[in-house]
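J.: Below: one structure in structure tokens.
Any read-out appearing in this document is the output of simple, stated calculations on the displayed coordinates, not a laboratory observation. Fair warning: this is a prediction, and the values are worked out from it, not measured in the lab. Reconstructed Cβ throughout: ideal geometry from the backbone, glycine too, with neighbour counts over all protein chains shown.
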Ligand code: PMP
């Protein structure tokens, strides 16, 4: 009898989520401050919810086009052109595929590109799904760890060793997966770094899968209108590049499960076929809501980013003042990523913080072995006082331990 019950070995060996493991510790416990998942505690804006309700009321309960509703694709094309101007919206329409969440888009990209036995390079620490997905396709995954700056004004920040990354990407590398702004570290890529990576991947014939779901959650200025540099800004239309996006983060729509991919136009029809065999299409009423979210996005994202920056600027200095804690200010994303001196077993620490302090954080080891000993705190809190209370609980717990 096969111990894995006949499953493919790679599926049988999939690691459960360590973030879930910590969250399960909180089941049935009252009053835990939950900062473990990557989402805001703010409900999706009402006008977006209304659009979904109106669609359902109008009886839009049927299958739709594999690649997404024409109206949504048009709105996405305008949105993409606004962020990456120069080519015009019409250029982008043929390069878009609507997916059932960012995670589904990333899996579709892996299905489209990765053969069993292929070599895939991933820059880590990273959201664990991005390592599991190529593995599920049978890839050999090689991780290139970011490095922590030991001193200077950015002490505690994670940065890329560009030469180590370029050395790891050879003509036998099928795919590079990179997520910037990064979950969990807040690390971002500069335009020059993106150019260097892309130029190298052109030479080696390597595809780039860029997870840019945090593109808009970038704290460059206090208008909330900024965006992190994107691979789309440096690439040609036929470059071997797929960019993954999501409605989850910039539009407060985590539970809706909607995202999109930007692809070379030559891949779009094949991606439509893959979508047919995965989900067939995203639900129409969700797509209607997303169309409105894009059309009235100026009412959501800039204010959200300004608020998130305020959350970050509330949390990080408070954490920096906790004895033993080292944390750098993240440039983008939703997370403060930090270490506590003398508390290296982060999974155990995270579980104990839930049980003994009522504080819910994610363990760094969920994001790669190099992040063992770190903790991730999602600062997307509607009420920043919750963040202050959380630090208070952490402080008290540390004094007892
Ligand atoms: N990429 C990264 C880096 C993420 O952190 C997440 C969500 N945690 C996603 C993709 C997927 O987002 P969703 O499936 O909700 O669109």
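J.: Ranking request for peptides 30-43, 11-24, 52-65: highest mean number of other beta-carbon atoms within 10 Å first, then the rest in descending order.
T.: Ranking the peptides 30-43, 11-24, 52-65 by packing returns 30-43, 11-24, 52-65.
J.: How high is the relative contact order of region 47-296, given as a whole-number percent (alpha carbon pairs under 8 Å, six or more residues apart)?
T.: Numbers: 478 pairs, mean separation 74.4, N = 250.
Rounded, it is 30 percent for region 47-296.
J.: If you don't mind, another one. For region 212-258, just say rounded, prolate or oblate: build the C-alpha gyration tensor, square-root its eigenvalues into a ≥ b ≥ c, call rounded for a/c under 1.5, and beyond that prolate if a/b exceeds b/c, oblate if not.
T.: Values: a/c = 3.92, a/b = 1.24, b/c = 3.17.
It is oblate, given that a/c is not under 1.5 and a/b is not larger than b/c.
J.: Further question on the same structure: Tally the DSSP beta bridges in region 120-198 and give the antiparallel ones as a percent, rounded to 5.
T.: 20
J.: Based on the alpha-carbon gyration tensor of the chain and its eigenvalue square roots a ≥ b ≥ c, which shape applies: rounded if a/c is under 1.5, prolate if not and a/b is larger than b/c, or oblate?
T.: Since a/c stays below 1.5, the shape of the chain is classed as rounded.
J.: Based on alpha-carbon centroids, what's the gap between region 169-200 and region 339-363 in Å, whole number please?
T.: That distance is 30 Å.
J.: OK, next. Quick check on the chain: helices-only [θ] at 222 nm, where DSSP H runs of length 4 and up contribute -39,500 (n - 2.57) each and the sum goes over total residues. Nearest 500, please.
T.: -11500 deg cm²/dmol
J.: Using only the Cα atoms of region 34-102, build the gyration tensor, take square roots of its eigenvalues as a ≥ b ≥ c, and label the shape rounded, prolate or oblate: rounded if a/c is under 1.5, else prolate if a/b is larger than b/c, else oblate.
T.: Numbers: a/c = 1.99, a/b = 1.23, b/c = 1.62.
Note, shape of region 34-102 comes out oblate.
J.: Can you tell me the order of 317-324, 383-390, 119-126, 170-177 when each peptide is scored by its average per-residue count of other Cβ atoms within 10 angstrom, highest first?
T.: In decreasing order of mean packing, 317-324, 383-390, 119-126, 170-177 become 119-126, 170-177, 383-390, 317-324.
J.: Take every DSSP beta bridge with both residues inside the chain and express the antiparallel ones as a percent of the total, to the nearest 5.
T.: Around 50 percent antiparallel, to the nearest 5.
J.: Follow-up. Where does each of 310, 84 land when they are ranked from fewest to most other beta-carbon atoms within 10 angstrom?
T.: Going from sparsest to densest Cβ surroundings: 310, 84.
J.: Okay, moving on. Please give the Cα centre distance for region 231-286 versus region 52-124, rounded to the nearest Å.
T.: 2
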